[in-house]
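Remarks on the structure that follows.
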């Protein structure tokens, strides 16, 4: 699952040469919703309010995450985007405490600050490049939205029919993206084989399949504990950006990114250890 998400970063980065973020998201998640629809109908609960409302809330948060991530990729590198997006791993316990009054260890705050220090190190490289700075800031916003969406799914999706919940989540992302198209300046769409492959890959394997699996896993595993799975995303995204996107790993990005990934690994390992002992 995290492998598929990691590969999407260089694909989306290069796709922005042929279209805008909102058009890409509208088409991508429209296809994802269409793939899930037959399974949602088969579940015979597609019209149930208990699936519709939570699905819309989940989709709204997911839209914000993907929107700011995709928009950020217009300005920053796929490497930086993948690493910074991974911030949601250490943000999950902190935001759980702030939003849902969940118990949080002092360690989680320390690790969040450690991740922030890694982000600052990465940003040193971008000091002379306003575009990179904008892209990195947008991606930080994306990380907050992803963290909130994962927390919401973990806490509020258990009473829903899973395929219907996933369908309304995907449909909401597509509809909000479509509504946002006129708001984005300089709309354009150049259809070619690369863009079609990118959309189909991100819509199916990194869309319908990965999001359904995530929703299913979060029903049984605490959002913070699930971070042990999500922590692989920045690693896979960096590898994909280097080998697929032909990007180079700068010294500051390597150091700062290593600090951030280390904080994610420590956070998820400690929560996994606590979960296995409880």
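List of remarks:
- Cβ-to-Cβ counts within 10 Å put 156, 13 in ascending order as 156, 13, the fewest first.
- At R0 = 30 Å, FRET efficiency that the Cβ-Cβ distance of residue 196 and residue 130 yields, to 0.05: 0.40
- Selected from 18, 212, 146 as most flexible by GNM, with the chain as the system and alpha-carbon contacts under 10 Å: 18
- Distance between the pseudo-spin-label points of residue 97 and residue 219 (7 Å out from Cα toward the beta carbon): 3.1 nm.
- R0 of 25 Å, Cβ-Cβ distance residue 117-residue 74: FRET efficiency to nearest 0.05: 0.40
- Overall form of the chain per C-alpha gyration tensor (a/c, 1.5; a/b vs b/c): oblate
- Pair residue 251, residue 56: separation of 7 Å Cα→Cβ label points (nm): 5.3
- Cα gyration tensor, region 163-268 - rounded (a/c under 1.5), prolate or oblate: oblate
- The chain: calculated mean residue ellipticity at 222 nm from DSSP helix runs of at least 4, using -39500 (n - 2.57): -25000 deg cm²/dmol
- Cα gyration tensor category, rounded, prolate or oblate, for region 4-163 with a/c compared to 1.5: oblate
- Relative contact order [Cα under 8 Å, 6+ residues apart], the chain, whole percent: 41
Values in this text are rule-based calculations from the coordinates and carry no lab data. Bear in mind the structure is a predicted one, so any value in this text is a computation, not a measurement. Note: ideal-geometry Cβ built from the backbone for every residue, glycine included; neighbour counts use all protein chains shown.
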